[in-house]
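Some notes on the structure that comes next.
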Amino acid sequence: MHKNKIARSVGLALLAAAMLAGCGEKGVAEAPGQMPPTSVEVVTLHTGPLQLTTELTGRTAPLRVAEVRPQVNGIVLKRLFTEGSDVKAGDLLYQIDPSLYEAELASARANVAKAQANERTAQLKAKRYESLLKVKSISRQDYDDALASWKQTQAEVMAAKAAQRTAEINLGYTRITAPISGRIGTSAVTEGALVTAQQASALTTIQQLDPMYVDVRQSTADLLRLKRQVAAGKLSAGQSDDARVSFQLEDGSRYGESGELQFSDVSVDETTGMVALRVIVPNPDQLLLPGMFMRATLKEGERSQGLLVPQTAVTRTPNGGANVMVVTADNKVELRDIQISRIIGSNWVVESGLKAGERVIVAGLQKVRPGADVAPSEQPVQAQVAPANK
């Protein structure tokens with residue numbers, strides 16, 4: 001009986017000890033302590049060569065434009081081209097009635113012959129008087145008069161030949177030819193129309209479409225920014241092929257030919273604050289027509305140590321600034337104000353505020369605050385969008 005009491009007491013004691021141990025463990029588990037670090041995804045920044053481009057809009061323009069006008073009066077006898085076709089320089093376009101000008105040329109030639117005959121007579125007379133003067137058979141005055149008459153007839157011959165040349169030119173103007181090669185437009189006149197020299201309205205227009213110009217415009221603010229970056233050494237001019245320009249058509253498709261920047265205008269449009277840039281682009285298939293809208297991508301230069309930050313890491317401030325959450329070496333969150341300039345692919349170009357090797361948070365931003373401890377994990381490479389200039 002006594003043994004049973006002892007055994008029962010020992011069992012109760014063990015049960016009580018177990019309960020006290022359980023309560024102690026529970027108390028320890030429920031005791032307040034530090035929260036585990038928040039898991040976030042980060043990207044480590046790296047520098048590298050960065051080709052900067054800019055996209056501008058513009059419209060196409062023909063390389064050369066010639067408005068065809070008559071240079072003599074007359075009736076159009078023939079139109080010798082098909083509207084909308086390609087013509088070559090020197091091709092006959094219109095034939096004006098040449099009858100009047102042929103008669104004027106014949107008259108001019110007759111006047112030349114008459115003047116030459118008079119000149120020959122005056123020449124012989126002057127030479128004869130020269131011989132007589134030597135033997136004192138005539139006075140010096142008579143010889144001087146004969147010599148002057150000869151020189152006068154020489155001038156008349158020259159004037160008659162000039163009139164003949166004018167008549168030949170006017171007769172040639174009755175054949176209106178193409179001044180340049182290109183695509184010819186509609187004709188403003190038909191056979192039987194009366195045209196006049198130097199009239200205001202053109203008979204037709206020829207435009208050279210291969211190659212063509214693309215006139216684009218750039219703001220003076222961008223132009224000044226580029227000049228400052230080049231002067232500060234942030235941008236290098238690069239190779240000579242940096243003048244190459246790529247294009248997109250109105251439907252968004254890429255144009256197969258690249259252009260070359262020709263020049264930048266020396267004046268600024270006061271109403272828009274823009275500077276005109278002219279690009280020349282091949283048009284072998286005649287796909288481009290004057291006045292078409294195009295998007296041009298120009299190379300600005302190369303930044304040898306460019307730094308990109310993912311767009312998902314950047315937060316905009318109410319005043320228009322930008323900041324990112326940076327994970328420090330001891331895995332604490334730091335709010336960092338940065339300066340960014342443009343988007344390349346899915347990234348911002350960093351101007352200041354970050355440097356290579358720093359880690360920025362790209363996922364989990366809503367769960368952290370400055371000064372918090374985090375457990376960073378590097379974002380997989382395949383989840384990052386590779387930089388691409390657009």
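The values are calculated or read from the model by the stated rules, or taken from the named source; none is laboratory data. Since this is a predicted model, take the numbers as computed values, not measurements. As a convention, Cβ positions derive from the backbone with ideal geometry for all residues, glycine included, and neighbour counts pool all protein chains shown.
The figures follow:
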| quantity | calculated |
| --- | --- |
| Single unsatisfied condition, GLY172 versus (1) in contact (Cβ under 8 Å) with a residue 12 or more places away in the chain; (2) surrounded by 13 or more Cβ atoms within 10 Å (Cβ to Cβ) | (1) |
| Criterion: out of contact with any His (no Cβ under 8 Å at 6 or more places or on another chain) and modelled with pLDDT of 85 or more - qualifying residue of SER264, SER246, SER240 | SER246 |
| Options ARG183, ARG175: the member that is touching a Ser or Thr at 6+ places or on another chain (Cβ under 8 Å), basic (Lys, Arg) and closer than 30 Å to ASN73 by Cβ | ARG183 |
| Among (1) under 23 Å from ALA221 (Cα atoms); (2) in the same structural domain as LYS355 (by TED's automatic domain parsing); (3) at pLDDT 90 or above, the one test that ASP330 misses | (1) |
| Flag if LEU261 is in a strand (DSSP E or B), touching a strand residue (DSSP E or B) at 6+ places or on another chain (Cβ under 8 Å) and within 30 Å of ASP373 (Cβ to Cβ) | no |
| Of the criteria (1) touching a residue at least 40 places away in the same chain (Cβ under 8 Å); (2) farther than 30 Å from VAL327 by Cα; (3) surrounded by fewer than 16 Cβ atoms within 10 Å (Cβ to Cβ), which one GLY48 fails | (2) |
| Index of the failed condition, ALA103 passing every other in (1) in contact (Cβ under 8 Å) with a residue 24 or more places away in the chain; (2) farther than 22 Å from SER201 by Cβ | (1) |
| Unique match (being assigned to a helix (DSSP H, G or I) and surrounded by fewer than 15 Cβ atoms within 10 Å (Cβ to Cβ)) among ALA122, ALA110 | ALA110 |
| Counted residues, segment 344-359 - those being under 16 Å from GLY321 (Cβ atoms) and either aliphatic (A, V, I, L, M) or part of a strand (DSSP E or B) (or both) | 6 |
| Extreme residue, nearest to GLN208 (Cα to Cα), among residues of segment 273-315 that are in contact with an Asp or Glu (Cβ under 9 Å, 6 or more places away or on another chain) and of a type in the set (Lys, Arg) | ARG278 |
| Among (1) surrounded by 12 or more Cβ atoms within 10 Å (Cβ to Cβ); (2) in the same structural domain as THR44 (by TED's automatic domain parsing); (3) β-branched (Val, Ile, Thr), the one test that THR317 misses | (1) |
| In segment 208-237, residue modelled with the lowest pLDDT [restricted to those that are among the β-branched types (Val, Ile, Thr) and not in a strand (DSSP E or B)] | VAL230 |
| Residue list for segment 288-311, restricted to those being assigned to a loop (DSSP other than H, G, I, E, B) and loosely packed, with under 13 Cβ neighbours inside 10 Å | GLY291 |
| Residue match in segment 99-106 (condition: of a type in the set (Ser, Thr, Tyr) and under 17 Å from ILE176 (Cβ atoms)) | yes |
